[in-house]
Every structure is written in C-alpha cells, then in structure tokens.
Amino acid sequence: MCVNAGSSSLKFKLYEMDEKAMGVKKLTDKASYLTTLTSGIVERIGHDDAIFTIKKPGGYKNTKILPVKDHGVAVQLVLKGLLEENIIKSYDEIDGIGNRIVQGGSYFSDSAVFDKDTADKIRKLIPLDPLHAQAHLTCYEAFKKALPNVGEVAVFDTAFHQTMAPKEYMYGLPYEYYEKYQVRRYGAHGTSHKYLSIVAKEKYLPKKKHTDIITCHIGSGASVSAIHDGKIVATSMGLTPLAGVMMGSRTGDIDPSCMPYLCRCTGKTVDEMYDIYNHDSGVLGVSGISNDTRDVEAAAKKGDKKAILAIEMYAQHIADYIMMYYGKLGRCDMIVCSAGVFENAPLYREETFKLLKEALGIKIDSKKNKVTVLGKEGFISTKDSKIPVVVIPTDEELMIALDTARILKL
C-alpha cells in the first residue's frame, strides 16, 4: 500500500508485487513484477463534504461524499473501502505500507522503517513542514492502530537530495543558524527526480558510463534538478518547497527584502505574507486568473496581457535553472520533462525551450511536442538538437512500493 498524505488529502495505491520486485534490475520492466489493484483519493479532509474516490482496473470508479474529520478517519475509510469493493478479502493480504514523507531533514538519506524513532524525528521537523508533517504522522499512527502487524516505511522526498555538497545546500547566513536551526537547502520531489533519472539512464542512455541529466518536475509545485551519475548535484527547492522556479501559487525565488517591505506597506504580519507567498502568488498572483496553467493558457490565447506575462515568467524561471544547471554539470546528456504541466502542456514546454535554443542548441519538434501528452512518453526534440529532450511520466508510487519491499525485505 502506497500512501501520499497531503495537508487535506490522502492518495493511495495498492500493488500486488511478486518476488522479482526485490531483485528488480530495471524499473522499466515493472509490468513483469507489479500489478495495480486499486488507487484512489480522499479529498477535502476536515470538511463535512469530503470526497472519497476508489478506482479499479478497467475503468471502475466509485465516489462518495461524506464527512471526514481528519486523516485518521480517512485511513479507516480507505481500509474499509478495500474490503467493501472486494479488492482484498482480509487485511492480512497487506504486507507493507509505504508512506510518502515530504521533509526528512538531514536525518534521512534513504527510506527508513517507520517506527517510533522515525516518527519522533519527523515530529521535530514539523516547523519545516507544518502543512504535511502532522498529516504524515496521523496516517502512520492510524495504519499502525488498524494493522499493528504490518510494517510501515517512510519514503522521504528529501532523501535523494542528500548527496548535495555543502556549497550547494548551505545559505549565506550566520553558520550558527545551520547548527542550531538546521537552516539549509533540502529540496523536494526527490522520489520523482530519482525515478526520472533512473528511467532516463535505463531507456535512453544505456551505453553511457557517465551521465549528466537535468530533470524537470514541473507541476503545480515545480522543481529542477542536476544529476551526475545518478546522484543529485543541485536542486531548485530550498528549506521549503517555496524556493526555486515560479509555480502555480508559489513565488519561487524572490528578493528576501520583499518580505519586510511588503509587511510594512500592507500592515500584514510575516505569517500572513508568507501565506500569500505560498498560496496567492506565482502563476495565480501574476495572472490574477488561476493557479491552473490550463486556465491561464486559455486566457493568454484570448490576448489577456497578465496571462501572457505569467506564462513568459513561468517559462523564463525554468529556463534559467536549466541554464544554470548545465553550467554546474559542464555538459548535459538529456533533459527530462515530467509532472502535471510538463507531461501535459505543450505550450509551456515550447515556451521554455525556445529560450534555450541559441545558448544550448535545443530544438523542439512541434509535432512531437503537441502529441506527447496524457501519459505518453518520448522525445519532443528534433534529431539535430544538441541536447535531447524527453517526456517521461513520473511514477513516485512505484518508487515508494519498491522501497517498501526493499526496506521490509518482503
């Protein structure tokens, strides 16, 4: 069971895996060792009109609207649904639970057994991730109570980024703030970046002994990473997921002096302004329309100037990071596009890579770019592009499932 607890949601996926999963040589052979039994989501947790959706292969979907007080109730709802939908006959069929954890701090460079020690460390990190950490802990405790004999694993979004050198993760602040308060760059989306780099090497660069890859996880939340020989060199998100490229509702990188200046101008507190940085900024803030890039694209096509500006800024931020990471790596074998926007929105990919045409010699095939959407994988660059660009749909749940099997020795 793979679990992804958001601040007000709970996504889940249940896999059946055979013994090949423990010794899997290639992620891309997943059809040979893994079957998806069900998936779903509990949305609007904390409301009386929460939405519980459960799906099965073949297109079956059942949706209910009902009160869900907290993540603990959501866990009970999911487990009950597995039985009611005849997906499993007994909870004894569940061998392991993998939990996606957003923030692991510097405690974890790999996934870990989710026990009291792991929970205590996550609890210490709540100030770094107040939106998700408590939800993660509530889910862990709810599953532990319902399935006391089933092992749980914590899979950290930050773990893959722990190979960054101090010069990359440290900030130009007094060193004591790092020592006392652990203020540094941690990154996010690490499970996705790891998956993308592995698939890129397996499928597209199998003969390369050494690889330099730039991965772009561009969704509502967005990050870019530079990866050398399967290890992170640099990543765009920082202490929290607010840093880096401009996102759906997040500012991305911004002059720190904007905070005190805007607080003085508006009379808002730091917490209020920080909330605006996270929830009312980015594409939403600039366009004044939506944090959904599809809505902004539609407005831009009608000539809305702020929507056009939002798209230009969005593309420019991503292009800036790709250019910077090319410089850090010194070369680049491949650029990978993934996540909601870069898997499904040709316009945003086109706008980004045309900014890199002159500097990096990247050429996008407009026909390939247009059709490579909705789960399709493949090259969107031309054959004479100096750096190949490929779209690879990410699969964080697969990584969680494999790590759970590995850590629990299933």
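The values are calculated or read from the model by the stated rules, or taken from the named source; none is laboratory data. As the structure is a computational prediction, the values presented were derived from the model and not from experiment. No Cβ is skipped: glycine too gets one built from the backbone with ideal geometry, and neighbour counts run over all protein chains shown.
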Any hit, region 54-72, residues being out of contact with any strand residue (DSSP E or B) (no Cβ under 9 Å at 6 or more places or on another chain) and among the β-branched types (Val, Ile, Thr): no
Of (1) of a type in the set (Asp, Glu); (2) touching a helix residue (DSSP H, G or I) at 6+ places or on another chain (Cβ under 6 Å); (3) modelled with pLDDT under 95, Asp403 fails just (2)
State the number of residues belonging to region 217-241 that are in contact with a strand residue (DSSP E or B) (Cβ under 8 Å, 6 or more places away or on another chain), among the hydroxyl-bearing types (Ser, Thr, Tyr) and in contact (Cβ under 8 Å) with a residue 40 or more places away in the chain. 3
Restricting attention to region 53-77, which residues are of a type in the set (A, V, I, L, M) and not in a loop (DSSP other than H, G, I, E, B)? Ile54, Ile65, Leu66, Val73, Ala74, Val75, Leu77
Is at least one residue of region 206-229 β-branched (Val, Ile, Thr) and more than 28 Å from Met313 (Cα to Cα)? yes
Have a look at Glu343, Glu350 and point out the one that is in the same structural domain as Thr235 (by TED's automatic domain parsing), without any contact (Cβ under 8 Å) to a residue 24 or more places away in the chain and within 14 Å of Cys216 (Cβ to Cβ). Glu350
Identify the single condition in (1) in contact (Cβ under 8 Å) with a residue 24 or more places away in the chain; (2) surrounded by 19 or more Cβ atoms within 10 Å (Cβ to Cβ); (3) part of a helix (DSSP H, G or I) that Ala359 does not satisfy, given that it satisfies every other one. (2)
Here are Val341, Val336: which of them is crowded, with 21+ Cβ neighbours inside 10 Å, modelled with pLDDT of 95 or more and either under 19 Å from the mean Cα position of the chain (by Cα) or not in a helix (DSSP H, G or I) (or both)? Val336
Considering only region 195-216, I want to know if a residue exists there that is in contact (Cβ under 8 Å) with a residue 24 or more places away in the chain, of a type outside the set (S, T, N, Q) and within 27 Å of Asp280 (Cβ to Cβ). yes
